[in-house]
1. Could you tell me, in Å, what Rg and Dmax come out for the Cα atoms of segment 170-237?
2. Counting other beta carbons within 10 Å of each Cβ, put 119, 222 in order, fewest first.
3. How far, in degrees from 0 to 90, does helix 201-219 lean away from the longest principal axis of the Cα atoms of the chain, to the nearest 10?
4. Using a Gaussian network model of the chain whose springs link C-alpha atoms within less than 10 Å, name the residue from 191, 227, 16 with the highest mean-square fluctuation.
5. If we count other beta carbons within 10 Å of each Cβ, what is the order of 112, 42, fewest first?
6. Share of antiparallel DSSP beta bridges in the chain, in percent to the nearest 5?
7. Mind jotting down the distance between the C-alpha centroids of segment 101-139 and segment 184-222, whole Å?
8. I want to verify a result. In a Gaussian network model of the chain, Cα cutoff 10 Å, which of these has the top mean-square fluctuation: 13, 31, 196?
Ligand code: ADE
């Protein structure tokens, strides 16, 4: 899969993606990323990406031309068709399902806006979808682009070494993850649940499912309505 990111802070993104899962996926060639400076698509002396809003009011608005030029250049660069995504607090809420869906694209172009926003014509005619990573306002789309790229990349086949781990994680099946422990069996008087040490495979599986359901019910009951629940899950929920 290929990501192209358009931003006024290319170095911020280039640096952040060198680490961990993303870094390894880039090194191995499973992922390819191009980071593009929006200012390279400005033609005035100051390479200005923003301007005052029509109708007045505070703040600046990002100009349409650099975004259009950047996307048009990327669309004809020989790297194939792409889904164009604008990061913005006005977008659809990003979740695991969206990450899974986007991981099936062969290429994404992520547009990072700054300042008060972006000229509406970019939204209307250049962008395929607009994504928000949460109900809060960031100073720009760069961190949101990293969040989206990380979550999407994890769903691409081969990016996680252990294929199983993507399915077992929180949200993968619509539930929060069960509690995990590692050695030592007792730390500062705090013991690992006995069932994980002495239980059989089936007992451990049941315990983990119960814990995942319990935790989801307590912390994020809104998720239960959308989760894929089995008859056993309903039976467990009846006991909670
Ligand atoms: N840009 C600013 N805030 C944002 C958010 N919450 N999600 C995505 N992009 C943003």
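Bear in mind these aren't lab numbers, they're just calculated from the coordinates by the rules spelled out. Keep in mind that what you see is a predicted model, and the values were worked out from it rather than measured. Methodologically, a virtual Cβ is constructed for each residue, glycine included, from the backbone with ideal geometry; neighbour enumeration extends over all protein chains shown.
1. Using the Cα atoms of segment 170-237, the pair Rg, Dmax is 13.3, 39 Å.
2. Fewest-to-most ranking of 119, 222: 222, 119.
3. Orientation of helix 201-219: about 50 degrees from the principal axis.
4. 191
5. On the way: 112 26, 42 18.
Ranking 112, 42 by Cβ neighbours within 10 Å, fewest first, gives 42, 112.
6. Numbers: 5 of 27 bridges.
Bridges in the chain that DSSP calls antiparallel: roughly 20 percent.
7. 39
8. 196
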